[in-house]
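J.: Take this structure first; my questions come after.
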Amino acid sequence: MQTNLLPVTPESLSRAGELIRAGSLVAFPTETVYGLGANALDAAAVKRIFEAKGRPGDNPLIVHISALEQLPPLIACDPAPAARELMAACWPGPMTLIFPKSDAVPGEVTAGLNTVAIRYPAHPAARALIDAARRPIAAPSANRSGRPSPTAAEHVMEDMNGRIPLILDGGSCAVGLESTVIDVTGSVPRILRPGGITPERIEAICGAVEVDDAVLRPLREGERPRSPGMKYRHYAPAGALTIVQGDESAVTRTICRLYDDAIAQGKRPLILALEAHIPAYGDRRALSLGENAEAMARSMFARLRQADALGADVLFSEAIATGGVGLAVMNRLERAAGFCVIAVK
Ligand code: TXA
Ligand code: MG
């Protein structure tokens, strides 16, 4: 199959809408990461997403809508007050809510769960695609399963060339990390996956929020996660990534030592560091993650892909504090590292 990469225009959107209605897949930009979309109400089309990604069948998809009126047919009961407050404050935007599902949503979308994840994205191209398709669109991130999520159309091409007919190119994603996933089926909203909408913001909106304790740790043997996606090793570069956490000067000192040891062993190491710390690594090969947590969110997945392109076989990354968007950044970085974190003083 030939994969076309087209800029977002009325013509490409109308072609994309036709493809979705015909049961095909289209990759499209959102403000978080690129999505790989199919008609959410067509079980056969949804199955193609799992095939194209190589995604385990027990990991459910997010259904994307382009107007609030599209929500009621997809869910089994009216949103609770906290959900309504979150919707009013954060939609359209980088937030996904988990509701009890209606019968209209095929089990293929929800991997057999009786809940469904819904997102109303802010990106104009994402909304225009849903409008053009005239159907809700089921879409995971448009990477091959296990690879870093795509934050630019070229990343989607790297992973999906030959597997899908069309990629809409909308440039780089503004947030750079996937949406905040919040379970609103209980009495207090619970964050299952942190993202651009922070716990601090959610608490300010609804007065209370819980953060699932699996957000910053590996699952225990036999544990069943509330969000199936938490089970899988995600976002992984080809090289082995170690995170070094602690006092700033101890971190740079430790990373320099680990890097020099790797060189002595004939390896090809690479450092990922905050912009301000890059000079501390001297001549060692280091990539900047930007100047703060927001910049790190935007650049992280692209840097992990770049590390692969550079042939790095061992990577050492600085950690950042887990306040605000830092929680989402560390959640992704720790998964990319398979939770290999060294604490130093
Ligand atoms: O920003 C995003 O959310 C992007 C863009 C394309 O919208 N999408 C995305 O989808 O990140 P994906 O499939 O890569 O991640 C969806 C996450 C997974 O961790 C999945 O387990 C969880 O949402 N999820 C989906 N449905 C769920 C449900 N009913 N209950 C609990 N978790 C669910
Ligand atoms: Mg994903």
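The values are calculated or read from the model by the stated rules, or taken from the named source; none is laboratory data. These numbers were taken from a predicted model, which means no experiment stands behind them. Positions of Cβ are generated from backbone atoms using ideal geometry, with glycine treated the same way; all protein chains shown enter the neighbour counts.
J.: From the set of residues in the range 48-65 that are modelled with pLDDT of 95 or more and among the basic types (K, R), which is nearest to the chain's Cα centre (by Cα)?
T.: K53
J.: All but one of (1) in contact with a Pro (Cβ under 8 Å, 6 or more places away or on another chain); (2) farther than 26 Å from M296 by Cβ hold for G54; which doesn't?
T.: So G54 meets the others, but not (1).
J.: Can you work out which of the residues in the range 40-70 that are under 16 Å from G107 (Cα atoms) and among the basic types (K, R) is surrounded by the fewest Cβ atoms within 10 Å (Cβ to Cβ)?
T.: Filtering the range 40-70 for residues that are under 16 Å from G107 (Cα atoms) and among the basic types (K, R), the one surrounded by the fewest Cβ atoms within 10 Å (Cβ to Cβ) comes out as K47.
J.: What about L177, is it of a type in the set (A, V, I, L, M), more than 29 Å from L287 (Cβ to Cβ) and either touching a residue at least 60 places away in the same chain (Cβ under 8 Å) or more than 16 Å from ligand 2 (Cβ to nearest atom) (or both)?
T.: no
J.: Also, quick follow-up: Can you tell me which residue in the range 29-58 is nearest to A328 (Cα to Cα), limited to those that are within 16 Å of ligand 2 (Cβ to nearest atom) and among the aliphatic types (A, V, I, L, M)?
T.: V33
J.: Quick check on L270: is it crowded, with 18+ Cβ neighbours inside 10 Å, away from ligand 1 (no atom under 14 Å from the Cβ) and under 21 Å from the mean Cα position of the chain (by Cα)?
T.: no
J.: Name the residues in the range 72-83 that are part of a loop (DSSP other than H, G, I, E, B) and over 16 Å from D183 (Cβ atoms), would you?
T.: Scanning the range 72-83 gives a single hit, D78.
J.: Go through the range 285-310 and report how many residues are without any contact (Cβ under 8 Å) to a residue 60 or more places away in the chain and either in a helix (DSSP H, G or I) or over 18 Å from G171 (Cβ atoms) (or both).
T.: Of the residues in the range 285-310, 15 are without any contact (Cβ under 8 Å) to a residue 60 or more places away in the chain and either in a helix (DSSP H, G or I) or over 18 Å from G171 (Cβ atoms) (or both).
J.: Only one residue in L61, L97, L113 is within 16 Å of ligand 2 (Cβ to nearest atom) and either of a type in the set (A, V, I, L, M, F, W, C) or touching a Leu at 6+ places or on another chain (Cβ under 9 Å) (or both), so which one is that?
T.: Only one candidate qualifies: L61.
J.: Then there's this: Say we look at the range 146-195 and pick out the residues that are surrounded by 20 or more Cβ atoms within 10 Å (Cβ to Cβ) and modelled with pLDDT under 95; which of these is nearest to the chain's Cα centre (by Cα)?
T.: Within the range 146-195, the match that is nearest to the chain's Cα centre (by Cα) is P148.
Yes or no, residue by residue, for (1) free of Cβ contacts under 8 Å to residues at least 60 places away in the same chain; (2) surrounded by fewer than 20 Cβ atoms within 10 Å (Cβ to Cβ):
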site	(1), (2)
H234	no, no
T242	no, yes
A250	no, yes
D260	yes, yes
I263	yes, yes
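J.: Consider the range 125-150. How many of its residues are within 12 Å of ligand 2 (Cβ to nearest atom) and of a type outside the set (G, A, S)?
T.: 6
J.: Considering only residues that are in a loop (DSSP other than H, G, I, E, B) and away from ligand 1 (no atom under 12 Å from the Cβ), look in the range 115-137 and name the one that is nearest to the chain's Cα centre (by Cα).
T.: Applying the filter and picking the extreme gives P136.
J.: Now for a different question. Have a look at S249, S187 and point out the one that is among the hydroxyl-bearing types (S, T, Y), away from ligand 1 (no atom under 16 Å from the Cβ) and more than 26 Å from E318 (Cβ to Cβ).
T.: Answer to the selection: S187.
J.: What's the number of the only condition in (1) loosely packed, with under 14 Cβ neighbours inside 10 Å; (2) at positive phi that E223 fails to meet?
T.: Here E223 clears every test but (2).
J.: While we're here: Give the number of residues within the range 84-114 that are under 27 Å from G170 (Cα atoms), within 13 Å of ligand 1 (Cβ to nearest atom) and assigned to a helix (DSSP H, G or I).
T.: Of the residues in that region, 2 qualify.
J.: Quick check on the range 139-148. Is at least one of its residues touching a helix residue (DSSP H, G or I) at 6+ places or on another chain (Cβ under 7 Å), among the hydroxyl-bearing types (S, T, Y), within 11 Å of ligand 1 (Cβ to nearest atom) and over 27 Å from A22 (Cβ atoms)?
T.: The answer is no, given that none of the residues of the range 139-148 is touching a helix residue (DSSP H, G or I) at 6+ places or on another chain (Cβ under 7 Å), among the hydroxyl-bearing types (S, T, Y), within 11 Å of ligand 1 (Cβ to nearest atom) and over 27 Å from A22 (Cβ atoms).
J.: A further question on this structure: Hey, does the range 15-28 have a residue that's over 16 Å from P136 (Cα atoms), over 16 Å from the mean Cα position of the chain (by Cα) and away from ligand 2 (no atom under 16 Å from the Cβ)?
T.: yes
J.: Oh, and also: With the checklist (1) away from ligand 2 (no atom under 16 Å from the Cβ); (2) closer than 16 Å to P94 by Cα; (3) surrounded by 23 or more Cβ atoms within 10 Å (Cβ to Cβ) in hand, flag the one item A122 doesn't pass.
T.: Here A122 meets the rest and fails (3).
J.: Looking only at residues in the range 196-228 that are at pLDDT below 80 and touching a strand residue (DSSP E or B) at 6+ places or on another chain (Cβ under 7 Å), which one is nearest to ligand 2 (Cβ to nearest atom)?
T.: The extreme case among them is S227.
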